[in-house]
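Report on one structure; see the data block that follows.
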Amino acid sequence: MASSFLGNLVESTYLPLETATTILAMAGLFKWPPQATVNDGDRFDFIVIGSGVGAVIANRLTENEDVRVLLIEAGKNPSVESMLPGLFILLQNSYQDWNYVSEPEEATKNQQFGAYRTSAGKCLGGSSNINHFIHLRGDPCDFDSWAAYLKDESWSYKNVLPYFRKSETIQDEDILKYYANFHGVDGPVIITRQPDDSTRNIMESFEEIGVPSVLDLNTNNTVGFTESSFIIGNGRRQSTSQAYLNNLNRDNLYVLTETVAEKIIFEDNVAVGVILRLGSGEKITVYANREVIVSAGTFNPLTSSGF
Ligand SMILES: Cc1cc2nc3c(=O)[nH]c(=O)nc-3n(C[C@H](O)[C@H](O)[C@H](O)COP(=O)(O)OP(=O)(O)OC[C@H]3O[C@@H](n4cnc5c(N)ncnc54)[C@H](O)[C@@H]3O)c2cc1C
């Protein structure tokens with residue numbers, strides 16, 4: 001399981017051998033879905049492109065045994081080091097990152113390369129495998145304003161809150177004591193905090209100058225300083241792939257990693273299929289009986305040549 005990335009780090013003594021041993025011990029904890037065998041012309045009920053939030057969608061959809069779901073991911077399975085919170089600093093600008101840079105502009109002229117680095121995860125679990133762990137929901141007012149704008153109450157905070165709760169196992173006694181109504185205790189994503197004295201000292205300093213500290217920003221009170229909640233549990237990153245795909249054995253879920261969705265096929269303005277480029281370079285077309293769901297991240301150069 002040790003990737004050459006890991007091997008190189010140990011060799012260059014950047015990574016202590018002890019940490020490398022921990023990584024190897026952890027390798028046994030992960031069983032990613034096997035690479036599916038998919039042929040040109042195959043049909044599925046749903047095709048999900050991108051496995052960040054796409055991992056959640058694929059998991060939820062396949063709870064129904066009668067539904068066949070194909071999940072497409074351009075990157076590989078996550079490395080073991082991406083699961084170890086202490087190593088997150090190594091993940092940006094690695095092979096698990098699309099390594100995009102912004103267009104150069106006046107404001108970026110003093111940056112390295114004269115542009116901003118704009119990281120985005122490229123592996124099963126997407127950016128949730130390289131992100132900085134902070135577990136912070138959108139502001140309730142935002143959800144309510146979207147609901148009002150769309151004239152669709154299902155987007156109101158009252159209506160999305162049960163899904164936030166369903167996703168979580170919060171492991172923090174203080175938050176549970178005061179804010180249990182906002183949190184879940186048996187969902188797939190473990191949430192923890194790591195309070196420490198030095199952070200508290202900083203928060204007390206802010207309070208002295210009138211800036212409030214807040215125990216939990218994932219409530220209706222979203223303004224102030226806090227000791228963050230993190231998507232870290234059992235010593236592991238709680239990425240969407242870890243929480244929703246690891247050790248998941250479902251015959252109705254088909255996962256293709258190292259596969260790029262190049263083009264969506266429309267008939268009468270309805271998305272009916274997707275042209276895929278497999279890891280081998282072969283191109284195939286797959287079809288969706290019900291929906292093609294695009295969850296391929298915020299930006300992607302493939303969009304200009306594909307979608
Ligand atoms: C460095 C960094 C730090 C962050 N820190 C935090 C944080 O602390 N807290 C927080 O809440 N958020 C954080 N974020 C943001 C958060 O991780 C993202 O908002 C979230 O993961 C986005 O989910 P997504 O599914 O929309 O996209 P992604 O998670 O990016 O998933 C998109 C997936 O689609 C795949 N894909 C793209 N194009 C194709 C294609 N054509 N064919 C097949 N697959 C494709 C990609 O490889 C990727 O795996 C951070 C992000 C980054 C990059």
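A few notes on this one:
- Test: VAL270 is loosely packed, with under 15 Cβ neighbours inside 10 Å and not assigned by TED's automatic domain parsing to the domain that holds GLU73: no
- Filtering region 235-255 to residues that are in a strand (DSSP E or B) and surrounded by fewer than 23 Cβ atoms within 10 Å (Cβ to Cβ) leaves ARG236, LEU253.
- Total residues in region 60-86, condition touching a helix residue (DSSP H, G or I) at 6+ places or on another chain (Cβ under 6 Å) and within 13 Å of the ligand (Cβ to nearest atom): 3
- Out of THR259, THR222, THR226, THR199, one residue alone is open to solvent by 30 Å² or more (accessible area, probe 1.4 Å) and touching a Leu at 6+ places or on another chain (Cβ under 6 Å). It is THR226.
- Candidate set: region 89-123, residues that are open to solvent by 70 Å² or more (accessible area, probe 1.4 Å) and of a type in the set (Phe, Trp, Tyr); chosen: the one farthest from the ligand (Cβ to nearest atom): PHE113
- Qualifying residue in region 187-194 (condition: within 12 Å of the ligand (Cβ to nearest atom), assigned to a loop (DSSP other than H, G, I, E, B) and open to solvent by less than 20 Å² (accessible area, probe 1.4 Å)): no
- Test: SER82 is within 22 Å of GLY279 (Cβ to Cβ), assigned by TED's automatic domain parsing to the domain that holds VAL255 and either open to solvent by 10 Å² or more (accessible area, probe 1.4 Å) or in contact (Cβ under 8 Å) with a residue 12 or more places away in the chain (or both): yes
One line per residue, one yes/no per condition, for (1) within 14 Å of the ligand (Cβ to nearest atom); (2) at pLDDT 95 or above; (3) closer than 28 Å to GLY121 by Cβ:
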residue: SER198; (1), (2), (3): no, no, no
residue: ASN201; (1), (2), (3): no, no, no
residue: SER205; (1), (2), (3): no, no, no
residue: ILE232; (1), (2), (3): yes, yes, yes
residue: THR240; (1), (2), (3): yes, yes, yes
residue: ASP268; (1), (2), (3): no, yes, no
residue: LEU278; (1), (2), (3): yes, yes, yes
residue: LYS283; (1), (2), (3): yes, yes, yes
residue: GLU291; (1), (2), (3): no, yes, yes
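The values are calculated or read from the model by the stated rules, or taken from the named source; none is laboratory data. As the structure is a prediction and not an experimental result, all values here were calculated from the model. Because the Cβ atoms are built from the backbone with ideal geometry, glycine has one as well, and the counts that use them run over all protein chains shown. Accessible surface areas use protein heavy atoms only, side chains included; no ligands, DNA or RNA. Shrake-Rupley method; radii C 1.70, N 1.55, O 1.52, S 1.80 Å.
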